[in-house]
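To keep things clear, I will list the structure first and then write my remarks on it.
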Amino acid sequence: MQLSISQAETIVQSGIAALQAGDAQGAKGLFEQAIAAGFATPALWLLQAQACKFAADLAGEGAALDQVLAANPRELNALIMKGDWYGRQGERLAAAAHYRTALNAGANSGPHPPQTQKALERAETAWRQSNGALEDHLHASLAREQLAPQDLSGRVREALDILCEKKQVFLQEPTAFYFPGLPQRQFYERAEFEWVAQVEQAAPAIRAELLAILEEEGAFTPYVEADADRPRPLHAMLGDPSWSAYHILKSGKPVPSHAEKCPRTLEALRGAPLPAVRGRSPMALFSLLRPGAHIKPHNGLLNCRLICHLPLIVPPGCAIRVGNEVREWQEGKMLIFDDSIEHEAWNQGEELRVILLFEIWRPEIVEGERRALTTIFEAITDYGPQAAETL
């Protein structure tokens, strides 16, 4: 149906009046007319989300909020509503992530209208309650592994306090999980790890597997991609193929059809201390950086791991900065660094730069702590509707 601008405005105003009168179903139908006629805006999608919410149309509400957040990933009311939407389904991690994003965005803007400020205060309360419930869940999970609080090292206990935001992070700045008491080292040296020689000796065979993969059109996908149940990341290279990946191990499992093409690569990694965390680790991939690409300064998720780079194709003009130190990759020679420290990388050459990237446990974290951290990370993965009865 074609509508003039004035007709569309009249329909939207009628929808608002219906919503205010408690006729959510009628409002939803009116907003749908304007949207179908091509007059959709983020503000109209937000109104549609409100109508769907009161009409108990869960799917419609989520779809409308997605439209708002696609246009403006930091729209406060939409973030809070999406947090509520996840919360009603028991998806507590996703709900908390949206509340926290709204709080961060709200702190960097304003002043806010009274209604928005009230919504932010409610989001903060819900987020704090979620943190408390998560802490209880984590301790219950540890207890099932016969790991009582007094059995945990001081660093594990402090890590839990920081995870639940009872303490603050200083110096190293991982974006998701902080493990205290670790040395502030930017790079580690190859000679410190006995297993490095095995991987470096396999570099020619690994490079041969890589070259075969590079012959396949579309084998690599953008390194930075959005998760469906998390706020859209504000990353300059989101969806950008100039930084691409070919995953061999992902989320703790071999990637079908990829791993089978990389047997020598997987064999070379057997001696490395790769974390084994259900749903998360190990991970290993080929990371490709195209000529002219620049990965802007950022921090990694965790500081209890180290990132390993085995350079395979490195033209002149490629380097990485970690903290205040810049190093150039050298083909076949491992680079090992702490990615929780701010770092960036660039390819100012004229050819592709490709490395094998994987993560290892930090050597300072002892076996008992690794076991506790593995339990914590797996408990975080499990934290959701299936874990409700354990709280």
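A few notes on this one:
- Share antiparallel - DSSP beta bridges, the chain, percent rounded to 5: 95 percent
- Nitroxide proxy distance, nm - points 7 Å out along Cα→Cβ at Ser109 and Ala71: 1.3 nm
- Think of it as helices only: each DSSP H run of n ≥ 4 in the chain is worth -39500 (n - 2.57), and spread over all residues that comes to -13500 deg cm²/dmol at 222 nm.
- Percent RCO, i.e. relative contact order, over the chain, from Cα pairs under 8 Å lying at least 6 residues apart: 15 percent
- Kyte-Doolittle mean at least 0.5, axial Cα span of 15 Å or more - DSSP H helices of the chain: 5-20, 42-54, 58-71, 203-214
- Distance between the modelled labels on Lys333 and Leu214, one decimal in nanometres: 2.0 nm (7 Å Cα→Cβ projection).
- Segment Phe54-Glu165, length gained on full extension (0.36 nm per residue, minus Cα span): 36.6 nm
- Cβ-derived FRET efficiency at R0 41 Å, His298 paired with Glu32, nearest 0.05: 0.50
- Short-range pairs are left out: with C-alpha atoms under 8 Å and at least six residues apart, the relative contact order of the stretch 176-277 is 29 percent.
- Arg232-Gln198 pseudo-label distance in nm [points 7 Å out on the Cα-to-Cβ vector]: 4.5 nm
- Near-label residues of the stretch 137-176 by backbone N, under 20 Å of a point 7 Å along Cα→Cβ of Glu367: 145-148, 151-156
- Label point 7 Å beyond Cα of Arg290 along Cβ direction - residues of the stretch 218-247 with amide nitrogen under 20 Å: 218-226, 235-247
- The Rg/Rh ratio of the stretch 1-127, with both radii computed over alpha carbons and Rh defined as the Kirkwood radius, is 1.00.
- A straight Cα-to-Cα reach below 27 Å connects Lys82 with the lysines Lys28, Lys53, Lys118, Lys166, residues fewer than 8 places away in its own chain not being considered.
- Percentage, to the nearest whole number, of Cα pairs in the stretch 143-221 over 21 Å apart: 61 percent
- Average accessible surface for the stretch 126-243: 57 Å² per residue, computed with a 1.4 Å probe over protein heavy atoms with every protein chain in place.
- Under 19 Å from a label point set 7 Å out along the Cα-to-Cβ vector of Arg190, the amide N atoms of the stretch 209-226 belong to 209-210.
- Distant alpha-carbon pairs in the stretch 118-269 (separation over 28 angstrom), percent: 50 percent
- All C-alpha to C-alpha distances of the chain, sorted into 20 Å bins beginning at zero, yield P(r) values of 23, 49, 25, 3 percent in whole numbers.
- Computed FRET value (nearest 0.05) for Thr221 with Glu260, which takes r as the C-beta separation and R₀ as 22 Å: 0.80
- The listed residues Phe358, Phe39 rank as Phe39, Phe358 when sorted by accessible area, largest first, using a 1.4 Å probe.
- In the chain, the portion of solvent-accessible area held by carbon and sulfur atoms comes to 51 percent [1.4 Å probe, whole percent, DNA, RNA and ligands not counted].
- Extension gain for the segment Ala17 to Asn324, taken as residue separation times 0.36 nm less the Cα-Cα distance, is 104.7 nm to one decimal.
- The translational diffusion coefficient of the stretch 193-351, from Stokes-Einstein at 4 °C and 1.567 mPa s with a Kirkwood hydrodynamic radius over alpha carbon pairs, comes to 78 µm²/s.
- Counted residue by residue at 0.36 nm each, then reduced by the alpha carbon distance between them, the extension gain from Thr125 to Arg278 reaches 52.0 nm.
- The three principal axes of the C-alpha atoms in the stretch 220-314 carry coordinate ranges of 35, 31, 27 Å, sorted with the longest axis first.
- Value of relative contact order over the stretch 259-358, rounded to a whole percent, pairs C-alpha under 8 Å and six or more apart: 38 percent
The values are calculated or read from the model by the stated rules, or taken from the named source; none is laboratory data. Quick caveat: nothing in here was measured; it's all calculated off a predicted structure. Note that we place each Cβ from the backbone using ideal geometry, even for glycine, and neighbour counts take in every protein chain shown. For accessibility, only protein heavy atoms count, side chains too; no ligands or nucleic acids. Shrake-Rupley method; radii C 1.70, N 1.55, O 1.52, S 1.80 Å.
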